[in-house]
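Below you'll find the structure, written out as structure tokens, and then a few comments.
The values are calculated or read from the model by the stated rules, or taken from the named source; none is laboratory data. Being a predicted model, the structure only gives us computed values, none of them experimental. Because the Cβ atoms are built from the backbone with ideal geometry, glycine has one as well, and the counts that use them run over all protein chains shown. When the accessible area is computed, the model is the full protein with side chains, heavy atoms only, and any ligands, DNA or RNA have been set aside. Shrake-Rupley method; radii C 1.70, N 1.55, O 1.52, S 1.80 Å.
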Amino acid sequence: MEATNSSQNIQPLLQQQQQQQQQPSPPSPRSNTTPHKLALIPLVFLIYFEVAGGPYGEEAAVGAAGPLFAILGFLIFPFIWSIPEALVTAELATTFPGNGGFVIWAHQAFGPFWGSLMGSWKFFSGVINLASYPVLCIDYLKLVFPIFSTGLPRYLAIFVSTLVLSFLNYTGLTIVGYTAVTLGVVSLLPFVVMTLVAIPKIEPSRWISLGQEGVEKDWTLFFNTLFWNLNFWDNASTLAGEVEQPQKTFPKALFSAGLLTCLAYLIPLLAAIGAIPLDQEDWVDGYFADAAEIIAGKWLKVWIEIGAVLSVIGLYEAQLSSCAYQLLGMSNLGFLPQTFGVRSKWFNTPWVGILFSTLITLAVAYMSFVDIISSVNFLYSLGMLLEFASFLWLRRKLPTVKRPFVVPVGLPWLVVMCLIPSGFLLYVMAVATKTVYLVAALLTFAGIAWYFLMNFCKSKMWLEFNNAGEKLEDQDLE
């Protein structure tokens, strides 16, 4: 009976929290209308950019393990990694449809400490990955404008591009969403053309090649390529409070984005492998542009390089939205001061979260962060393990909470579903370097210290905090 009563009491509190998250700042003379909600199609493309952004980056799988294993990887891996992660996201995002996403889930499952730590892990991984996108954008532009290769022009270009892309995010999630739709369509068009031109040249026997003789398999690179090209399905959950009818929209959006992502990876991969004689060492990041030139000519290579820049812009906008709304959700839960929940009077966007994320991005963008990126990926793996544990425990802890979308199997099968990707996460963490372990430990310690510092500030009433998280905690199960 205690479990039933607690489950029944949680839903009204979640609705109260969601309403709080959607409240705009006091209206200005230029803003008297209710902000628009994020519809299905923009959400599909935001999820698509959170996960993929196009076939860019999958080439290394061919270079690491050969054509057959690359094709099988992008056929099979979605079933053992992407689909479980997407199903978990669909159930939890529709059950707890507030900004903050996975932070809310861990908080509901294990309490405020784990909710805060989840937020730290995911924010660090997201915002430092975010720093790589302006750098990638300038790396593509320098092929056309060599002045951006080194020195002050390069630093200024990274700085200006970061600010411009962040300002676009500030103008509103609806604008960002439809921008993502446009960027997605335009960046995929050259691959559609490449595939059509390649069809008469395809030799299916090339698809079953195990690779060139004398080229060793690099399984670590192969699995890392699959992992990071089919990851981050849960990032859009931090935007759930901004979505129109999230209980209905999120499952549809996840399914549609999953189908789009898989097709966007597989079709160009099959076309390029089948149409071009294999030179395995050429298959590195960016090779699709060279493949397009071989298949159709220089004009298609340039088009794909332009598409790559547009894809990077989409990746940046989607990731920044996730980071900013995560901070807003953590503010509403009381993990961060109320300042992080302040919205723009003109666009109703969490401008403090956008500014804070942008400042960290600028700081990290000028660093050499190969080991840092690996460490952040390590932290993301820790967060995913906690996310799977939260999902399973909430099924047991809150069995009667209304779930608009339910993964249609019992708890034992859910455990099996989560164990397979969890095993892969443990493998990714096991092959990390000592430097990665050290950086991940330091960032984890920083997240723990932040939690206790915020609690100390609450006790001294030095800063103002919301209490939605405390209300939810009071209704938690013993």
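Protection proxy ranking, highest mean first, for peptides 304-312, 326-334: 326-334, 304-312, where packing is the per-residue count of other beta-carbon atoms within 10 Å, averaged.
Between the helical axis of 370-397 and the longest alpha-carbon principal axis of the chain there is an angle of about 50 degrees. Phe145 sits among other residues whose Cβ lies under 12 Å from its own Cβ, and their net charge, with Lys and Arg +1 and Asp and Glu -1, is +1.
Would you please classify the overall shape of the stretch 365-462 from the alpha carbon gyration tensor, given that a ≥ b ≥ c denote the square roots of the eigenvalues, rounded means a/c under 1.5, and beyond that prolate means a/b larger than b/c while oblate covers the rest? In terms of gyration-tensor shape, oblate.
Between the Cα long axis of helix 434-460 and the first principal axis of the chain there is an angle of about 20°, rounded to the nearest 10. Full extension of the chain between Met461 and Asp218 yields a length gain of 82.1 nm, computed as 0.36 nm times the residue separation minus the alpha carbon distance. With both labels modelled 7 Å from their Cα along Cα-to-Cβ, the Tyr427 to Gln245 distance reads 4.1 nm.
Check the straight Cα-Cα distances from Lys460 and name the lysines below 27 Å, setting aside those fewer than 8 residues away within the same chain. Partners found: Lys471. Give me the angle, in degrees from 0 to 90, between the Cα long axis of helix 83-95 and the longest principal axis of the Cα atoms of the chain, rounded to the nearest 10. Taking the Cα atoms of the chain, the angle to 83-95 is about 30 degrees. Which of rounded, prolate, oblate describes the stretch 126-191, given a ≥ b ≥ c as roots of the alpha-carbon gyration tensor eigenvalues and a/c under 1.5 marking rounded, otherwise prolate only if a/b is larger than b/c? Oblate. Accessible surface for the chain, divided over its residues, is 42 Å² per residue with a 1.4 Å probe. Loop-resident GluC sites (Glu not before Pro) (DSSP state other than H, G, I, E or B) in the stretch 212-276 with no more than 12 further Cβ atoms inside 10 Å of their Cβ: Glu213, Glu216. Expressed as a whole percent, the accessible surface of the chain that belongs to carbon and sulfur atoms is 68, based on a 1.4 Å probe.
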